[in-house]
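Asks: The structure under discussion is supplied below as structure tokens; questions concerning it will follow.
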Amino acid sequence: MIELIQAADDSGARLQAHLADEKDTETLGSALATVLSPGLQIWLEGNLGMGKTTLTRGVLRGLGHEGKVKSPTYTLIEPYVVSRLDLYHFDFYRFNSPDEYLDAGLDEYFAGEGVCMVEWPDKAAPYLPPPDLEVRLSPAAGGRRAEIFGHTEAGLRCANEMNKALEGAPRASAPD
Ligand SMILES: Nc1ncnc2c1ncn2[C@@H]1O[C@H](COP(=O)(O)OP(=O)(O)OP(=O)(O)O)[C@@H](O)[C@H]1O
Ligand SMILES: [Mg+2]
């Protein structure tokens, strides 16, 4: 079960949680699905195998997508049209240089009303619109630590609403 960790500054701008297993990561994604708005830019950060694709699968399940969710590692983008909105899932891991983003011709996706979820955004960072929401995943006690930061008004609203959506989850104090 997802365990919310009280942020030290308690600003509400940040959500921290412990995700014990893959199911928790999907559940966090489903909670994110309930607070999405069109055009939201979401950066998914964390090393190889930290659960970025798993979280995106949770978002898509939450939006009602029942089909497969493939990692876009080779295709760069997997587009989804779901009931409420378009969602574009990107993975730029394979870029050797950010300039490869320019050759890929993806600008249109980032300019529209679709929600963009980007794995390995740092590999194309100079060319991407700045994120509204940043999700960082790291290893913690056999599972994962998730930290979510809102960088814009829309992103802050999402982080706060996710906190509310997960309010029933158990809480722990942040370790020093
Ligand atoms: N909270 C969790 N605790 C333990 N394992 C998890 C958790 N969340 C996801 N996993 C597992 O981590 C593995 C990698 O997940 P995933 O493919 O989503 O990572 P990724 O961050 O997208 O990796 P990549 O950078 O290679 O695309 C999967 O086997 C998944 O089941
Ligand atoms: Mg992935």
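The values are calculated or read from the model by the stated rules, or taken from the named source; none is laboratory data. This structure is a prediction, so every number in the text was calculated from the model and none was measured. Note: ideal-geometry Cβ built from the backbone for every residue, glycine included; neighbour counts use all protein chains shown.
Asks: Which residues, counting only those in the range 44-70, are within 10 Å of ligand 2 (Cβ to nearest atom) and surrounded by fewer than 17 Cβ atoms within 10 Å (Cβ to Cβ)?
Replies: 48, 49, 70
Asks: Anything in the range 56-72 that is assigned to a loop (DSSP other than H, G, I, E, B) and more than 9 Å from ligand 1 (Cβ to nearest atom)? List them, or say none.
Replies: Of everything in the range 56-72, those that are assigned to a loop (DSSP other than H, G, I, E, B) and more than 9 Å from ligand 1 (Cβ to nearest atom) turn out to be 63, 64, 65, 66, 67, 68, 69, 70.
Asks: Residue 111 versus (1) farther than 17 Å from residue 27 by Cα; (2) hydrophobic (A, V, I, L, M, F, W, C); (3) touching a Phe, Trp or Tyr at 6+ places or on another chain (Cβ under 9 Å): which is the lone unmet condition?
Replies: With (1) farther than 17 Å from residue 27 by Cα; (2) hydrophobic (A, V, I, L, M, F, W, C); (3) touching a Phe, Trp or Tyr at 6+ places or on another chain (Cβ under 9 Å) applied to residue 111, the lone miss is (3).
Asks: If only one of 101, 80, 88 is under 16 Å from the mean Cα position of the chain (by Cα), surrounded by 16 or more Cβ atoms within 10 Å (Cβ to Cβ) and farther than 23 Å from residue 147 by Cα, which one is it?
Replies: 80
Asks: Is it fair to say residue 53 is of a type in the set (S, T, N, Q), in contact (Cβ under 8 Å) with a residue 40 or more places away in the chain and not in a strand (DSSP E or B)?
Replies: Yes, satisfied.
Asks: With under 23 Å from residue 151 (Cα atoms), within 13 Å of ligand 1 (Cβ to nearest atom) and of a type in the set (Val, Ile, Thr) as the only criterion, which of 27, 34 stands out?
Replies: Result: 27 is the single residue among 27, 34 that is under 23 Å from residue 151 (Cα atoms), within 13 Å of ligand 1 (Cβ to nearest atom) and of a type in the set (Val, Ile, Thr).
Asks: If you don't mind, another one. Do you know which residues across the range 1-24 are at pLDDT 90 or above, within 13 Å of ligand 1 (Cβ to nearest atom) and out of contact with any Gly (no Cβ under 8 Å at 6 or more places or on another chain)?
Replies: Passing the criteria: 17, 23.
Asks: Condition first: within 11 Å of ligand 1 (Cβ to nearest atom) and among the aromatic types (Phe, Trp, Tyr). Can you find one or more residues in the range 75-85 that meet it?
Replies: Scanning the range 75-85 turns up no residue that is within 11 Å of ligand 1 (Cβ to nearest atom) and among the aromatic types (Phe, Trp, Tyr).
Asks: For the range 54-61, does any single residue satisfy the condition of being within 12 Å of residue 29 (Cα to Cα) and among the hydroxyl-bearing types (Ser, Thr, Tyr)?
Replies: Scanning the range 54-61 turns up at least one residue that is within 12 Å of residue 29 (Cα to Cα) and among the hydroxyl-bearing types (Ser, Thr, Tyr).
Asks: Specify which of the listed residues (71, 97, 83) is free of Cβ contacts under 8 Å to residues at least 12 places away in the same chain and either aliphatic (A, V, I, L, M) or on the phi < 0 side of the Ramachandran plot (or both).
Replies: Residue meeting the stated conditions: 97.
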